[in-house]
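Note sheet for the following structure.
The values are calculated or read from the model by the stated rules, or taken from the named source; none is laboratory data. Model, not experiment: these values are computed from the prediction. Cβ atoms come from the backbone with ideal geometry, glycine included; neighbour counts cover every protein chain shown. The accessibility values were calculated without ligands, DNA or RNA, using every heavy atom of the protein model including side chains. Shrake-Rupley method; radii C 1.70, N 1.55, O 1.52, S 1.80 Å.
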Amino acid sequence: MTSAPDDAAERHVPVLLQRCVDLLAPALAEPGAVLVDCTLGMGGHTEAVLEQVPTARVVGIDRDPEAIARASRRLERFGDRFRAVHAVYDDIGEVVADVVGGPVQGVLMDLGVSSLQIDEADRGFSYAHDAPLDMRMDPTTGRTAADVLNTYDERALTRILRDYGEERFAQRVARAIVRRREQRPWERSAELVEVVRGAIPAATRTTGGNPAKRTFQALRIEVNGELEVLERAVPAAVDILAVGGRLVVESYHSLEDRIVKRVLAAGATISAPPGLPVVPEEDQPYLRLLTRGAEEASAVERETNPRSASVRLRAAERTRPTPPHRRPTHRPTDRPHDPGERTR
Ligand SMILES: C[S@@+](CC[C@H](N)C(=O)[O-])C[C@H]1O[C@@H](n2cnc3c(N)ncnc32)[C@H](O)[C@@H]1O
């Protein structure tokens, strides 16, 4: 992997940066307050919090060892106010228990991939560079994109392309992927770009950028189990917030935003059946929504930072401890991954 030491700031422009800081800052005003940045990336959001909120400390989590290394260099000057942890963010409960030892005042999630990951030509995230079909955010573990392409059957591939990539021609692309591997196994991203291009009707190819974009997004989400991890992580994040603590989540895919919306809405709603004269204390909401619906980036930000075009930001504040019967629980994804769908 190429590695220029001090360019982290230039490689990734954080989305809705000031809005995130403004939402989190009131919860971080007491000395020693802790923010968990679940998606440290290049450390852009964390740096802004550490600069603007002198009382705050940050624990930064990332599953990508390269992101941990770069952000750690960038944030070295903050000394022990910053601590980096290599982990998957659904382990937030364990990380906080180990590093903080009690509830925290803020949690930030800025989902998806960083510009660094897209730009690193050898990681296979980008349809613009020929590379091994890897796409793992943590390249030390788990299945690669090539493994998915070489082992999933046509039905499973179609589902992934349709649900995660919103690919209109999911079945055609899936069929072409399976047909191609009958000759030789999948290895390189340029071959995938070519096969996707060939599978999509010529008349629709002129609009919407590179036709392989949706396939690459779908594979990345599958390879990294992004939605399953998020399903576990959002309730876990709510769980470790102190009363008065705040959670801010930036999603870039409608399925991500749906997960976040559901968990926050459940915590902000009375759980008693309607019509009771007095709502019991235990059925009162334990979250207060800080955003009306999902916030989007301004036209100006969208123009200067294309990554911001699809962002949906939601935030909530913990208003009281969660009664045991209302602990935010992990619900399985709408369409759980079925290992039986794989062919070996
Ligand atoms: C959009 S970037 C974050 C950028 C960051 N906010 C900044 O300002 O530089 C997302 C980061 O989250 C990491 N990531 C994505 N899913 C993760 C997961 N489940 N656990 C831990 N890190 C994850 C990625 O490796 C990537 O570095």
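Residue-by-condition table, conditions (1) more than 24 Å from residue 25 (Cβ to Cβ); (2) within 13 Å of the ligand (Cβ to nearest atom); (3) open to solvent by 50 Å² or more (accessible area, probe 1.4 Å); (4) of a type in the set (A, V, I, L, M, F, W, C):
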{"site": "221", "(1), (2), (3), (4)": "yes, yes, no, yes"}
{"site": "241", "(1), (2), (3), (4)": "no, no, no, yes"}
{"site": "244", "(1), (2), (3), (4)": "no, no, no, no"}
{"site": "249", "(1), (2), (3), (4)": "no, yes, no, yes"}
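Just to check your reading of the model, which residue among 70, 57 is farther than 20 Å from residue 313 by Cα, in contact with an Asp or Glu (Cβ under 9 Å, 6 or more places away or on another chain) and more than 15 Å from the ligand (Cβ to nearest atom)? Break it down stepwise before answering.
Values: 70 fails: more than 15 Å from the ligand (Cβ to nearest atom).
Being farther than 20 Å from residue 313 by Cα, in contact with an Asp or Glu (Cβ under 9 Å, 6 or more places away or on another chain) and more than 15 Å from the ligand (Cβ to nearest atom) holds for just one of 70, 57, which is 57.
Within region 270-290, take every residue that is free of Cβ contacts under 8 Å to residues at least 60 places away in the same chain and touching a strand residue (DSSP E or B) at 6+ places or on another chain (Cβ under 9 Å) and give me the one that is nearest to residue 19 (Cα to Cα). It would help to see each step written out before you state the result.
If we filter region 270-290 for residues that are free of Cβ contacts under 8 Å to residues at least 60 places away in the same chain, which is where we start, we get 270-289.
Those still in the list that are touching a strand residue (DSSP E or B) at 6+ places or on another chain (Cβ under 9 Å) too: 286-289.
Details: 286: 23, 287: 19, 288: 17, 289: 15 Å.
It comes out as 289.
Of the residues 155, 175, 180, which is more than 25 Å from the chain's Cα centre (by Cα) and surrounded by fewer than 15 Cβ atoms within 10 Å (Cβ to Cβ)?
Working: 175 fails: surrounded by fewer than 15 Cβ atoms within 10 Å (Cβ to Cβ); 180 fails: surrounded by fewer than 15 Cβ atoms within 10 Å (Cβ to Cβ).
Criteria check complete, one pass: 155.
In region 158-225, which helices (runs of 4 or more DSSP H) lie fully inside it and hold 1 or more residues that are among the hydroxyl-bearing types (Ser, Thr, Tyr)? Don't jump to the end; show me each part of the working.
Working: elements: 170-181, 189-199, 213-223.
It comes to 189-199, 213-223.
When both residues are 6+ apart or on different chains and their Cβ atoms are under 8 Å apart, which pairs have a first residue that lies in region 75-99 and is among the acidic types (Asp, Glu), and a second that is within 11 Å of the ligand (Cβ to nearest atom) and part of a strand (DSSP E or B)?
Within 8 Å, the pairs are 91/61.
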